[in-house]
Amino acid sequence: MIRPLAAAAALFLLAGCAATGTPGDPFAGMRTGEGTVIWQGEYQFSPMPEPWQLLDLDEKDYSVAFFRACNHGAPGTYPCESTVAYAEEPFGYSRDLDERRKEFFRRFLWAARVDFDEPRVQHVRALGEEALQAETVGYERVLKQKVLAQVVFARRGERVVAFYFTQWRPSDMDFDRTLLEDFRRFIASFRFLKPSFYQRLR
């Protein structure tokens, strides 16, 4: 069941779909002795805690996303759900963090017909370097829904990568901002295990 939530460049459209997941531990064979996960041999991170579930993106690339519904992870509660993801190719081309943010928000959630407030922008640190955080609320006027979006634009070498948090709610329901703590811990735990494909070309 695919419903538009967020878009992450060519890698994937983040969709608030029912997180079918893999039977048992979706990270079986990937866990380290420290409890972190090695994803596709490319990244190391601490998975989002339960009731967050790994989203099946039907992809063979390196993107990773997690889903959480309002009623402790069970599907079928749209539009009351949250998604966290990492993407190598956020919308746009600029290597400047603020310009990339502007490029990104021209296309972010375009399929969901969302009107965004002006993002609140902060300089933060992520992946060991200066990063840019943009937070905003978008409104889907016809269906009477809203979405809280926080995006952290960071660097992998010379390229811009991004972490996403989106939370959908009916327009008359409050956001649960406590879930942003899980998002921050996920970012803080994230590590690259080797140079990217583009770095290896240099």
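Values quoted throughout were computed directly from the atomic coordinates according to the rules given, and no laboratory measurement underlies them. Remember, predicted model here, so these are calculated numbers, not experimental data. Cβ atoms come from the backbone with ideal geometry, glycine included; neighbour counts cover every protein chain shown.
Residue check: is ARG141 over 19 Å from the mean Cα position of the chain (by Cα) and touching a residue at least 60 places away in the same chain (Cβ under 8 Å)? Quick ask: steps written out before the conclusion?
Working: over 19 Å from the mean Cα position of the chain (by Cα): yes; touching a residue at least 60 places away in the same chain (Cβ under 8 Å): no.
No: the conditions fail for ARG141.
From the list THR166, THR136, the lone residue that is within 22 Å of LEU55 (Cβ to Cβ) and of a type in the set (S, T, N, Q) is THR166.
Assess whether VAL147 counts as being more than 23 Å from THR36 (Cα to Cα) and in contact with a Gly (Cβ under 7 Å, 6 or more places away or on another chain). Steps first, answer last, please.
Details: more than 23 Å from THR36 (Cα to Cα): yes; in contact with a Gly (Cβ under 7 Å, 6 or more places away or on another chain): yes.
For VAL147, the condition - more than 23 Å from THR36 (Cα to Cα) and in contact with a Gly (Cβ under 7 Å, 6 or more places away or on another chain) - is met.
Do we have THR83 as in contact with a helix residue (DSSP H, G or I) (Cβ under 9 Å, 6 or more places away or on another chain) and not in a helix (DSSP H, G or I) here? No; evaluated as a whole, the condition is false for this residue. Would you be able to say whether some residue in region 96-103 is closer than 24 Å to PHE67 by Cβ and without any contact (Cβ under 8 Å) to a residue 40 or more places away in the chain? Scanning region 96-103, I find no residue that is closer than 24 Å to PHE67 by Cβ and without any contact (Cβ under 8 Å) to a residue 40 or more places away in the chain, so the answer is no.
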